[in-house]
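Working notes for the structure below.
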Amino acid sequence: MNPENNTETSESKETVSAQNTVKELLEKTIADLDYLNLSGRVTFDTPGQFIVHGGYGEVYTGNCKFPNGEQAKVAIKRIRFSVKEGNTIIKIIVKELYLWSKLNHPNVLPLRGFIIDETGFPSLISEWMDNGSVLEYAQKHPDCDTIIHLSLGIAEGLAYLHNLEKPMVHSDIKSELLAKHRPFDDLGDNQVIASLLKKQLPAR
């Protein structure tokens with residue numbers, strides 16, 4: 001028997017085992033967060049046209065009819081990855097879905113739920129930010145008071161993440177990834193968007 005064949009067979013079994021473990025983790029997370037499952041309640045504005053895209057996905061806009069009867073425009077974050085990247089990206093999806101679902105602060109954009117798309121993977125649903133990014137808003141309102149208020153809101157959102165029992169860092173903070181929700185009436189109503197690059201810090 002060729003030793004190389006034995007090695008290939010062993011590696012193949014390990015790969016299948018790892019894939020099964022990751023799939024089970026995803027299924028368990030989805031089951032645990034079933035109260036956030038909005039499948040069948042979200043309609044894409046333009047299914048084939050995303051608003052923005054990154055390395056692992058795209059963001060679309062749509063409308064959602066929530067279980068409580070509320071209807072709202074939403075952002076839909078769909079994940080895209082190759083077969084080779086599969087296990088790694090699935091782990092990232094699971095982590096983001098779980099961690100984001102636990103965050104609760106006025107300056108952190110809340111996860112409203114998720115839908116299971118045709119790939120069998122979750123797309124994440126958050127409220128659509130009417131006023132665009134902080135960068136866009138600051139360019140339209142460049143006065144010092146506005147900049148100070150925006151900065152304070154961002155700092156409060158980050159302080160919340162950093163002071164959790166298991167602290168988290170966003171690790172990709174830039175004005176394009178921060179959202180401005182309402183017309184500028186209240187102090188610090190801008191929100192930190194949870195992203196795939198959010199990491200958990202070691203316990204203090």
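A short reminder: the numbers here are calculations on the coordinates, not readings from a lab. This is a predicted model, so every value here is computed, not measured.
Of note:
- Exceeding the 31 Å Cα-Cα cut-off - candidates Lys65/Lys166; Lys102/Lys140; Lys28/Lys166; Lys73/Lys140: Lys65/Lys166; Lys102/Lys140
- Amide hydrogen neighbours beyond the local backbone of Arg112, cut-off 5 Å, H modeled: Ile125, Ser126, Glu127
- Phi-based couplings in Hz for segment 38-44 (Karplus 6.51, -1.76, 1.60; Gly and Pro marked x): 10, 4, x, 10, 10, 10, 6
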